[in-house]
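What follows is a short report on a single structure.
Where a number appears in this text, it was derived from the coordinates with a stated rule and is not lab data. All of these numbers come straight from a predicted model, not from anything done at the bench. So basically every Cβ, Gly included, is an ideal-geometry build from the backbone, and we count neighbours across all protein chains shown.
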Amino acid sequence: MSNESFNFNQFIKDSVNSLTKPKAYFAEMPVTGGFGVPIVKALIYGVIAGIFAFLWSVLKLGGVTTGMFGGAIGIMAFIWILIGALVGLFIGAVIVLIISAICSGSTDYEANARVTASLMVLMPITALFGFIGGGVGSLIGFVINLYGLLMLYHALTGSLKGKVGTSKIITIILAVILAIFLVVGFFTKKKASRFMDEFGSEFEQTMEEYGKDMEKSLKDLTKELEEANEEVQSEEEK
């Protein structure tokens, strides 16, 4: 097994082609050459995604707010994404291998790892839109994931030589699962938001009533102390 040398210009070309021409790219993508290039590709994609996460964290955009520790939290986000990219490459290769086996495609781990590394080109794109929260952010993530499934389909049929029919069925099933998660996520967020609103209203009302009770108790206690003090003074005068 020969070890392929990493070429940055080729990396840029492959990244662009995998995004814009996935069918042609995966049909011609080499599935041998060692693990060096896939690892470097995953790390580069992780670095780019980490930079976006760092920026959004420091700028307090999206779901991450950093407060006075902005820089430190941003750097940790960068480090964790970088580690996640490397770990995700090898775990993702196992998942792709299982899907490929179901589609009667290649079960060679190296080939599936190289496919996984190419699919990770979407990682920086996902991080780029990470500052967009709420329903819009969820929809953007859904669209990116759908395109990832399209890329996976071409990888299965092109690079891994899986059966076209089975690959289509698997892709459709995964797309339906994504849609279900999207819908469930919307309802969950809506219910959670409603619950927090109701909880906040009830909490505010409870605290207001508690405050009134405390005020009344303090007034009663003050009155009792004044009466006791008057009795003491009256006895002293006698």
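A few notes on this one:
- Listed residues F187, F26, F8: farthest to the positive end of the dipole of segment 8-192 (Cβ charges): F187
- Proxy reagent accessibility, fewest Cβ within 10 Å first, across S5, S159: S5, S159
- Count Lys and Arg as plus one, Asp and Glu as minus one, and take only other residues whose Cβ is under 13 Å from that of V40; the net charge is then 0.
- Selection among F131, L82, N17 by position relative to the dipole of segment 8-192 gives F131 as farthest towards the positive end (Cβ unit charges, Cα centre).
- Positive-end residue of A111, L156, V176, charge dipole of segment 8-192 with Cβ unit charges: V176
- Here, P(r) means the percent of Cα pairs in each 5 Å bin from 0 to the largest distance; for segment 8-192 it is 1, 9, 15, 18, 19, 16, 12, 7, 3, 1, 0.
- Label zone (E110, point 7 Å along Cα-to-C-beta; backbone nitrogen cut-off 17 Å) within segment 139-162: 159-161.
- Taking the Cα centre of segment 8-192 as origin and assigning +1 to Lys and Arg Cβ atoms and -1 to Asp and Glu Cβ atoms, the resulting dipole is close to 440 debye.
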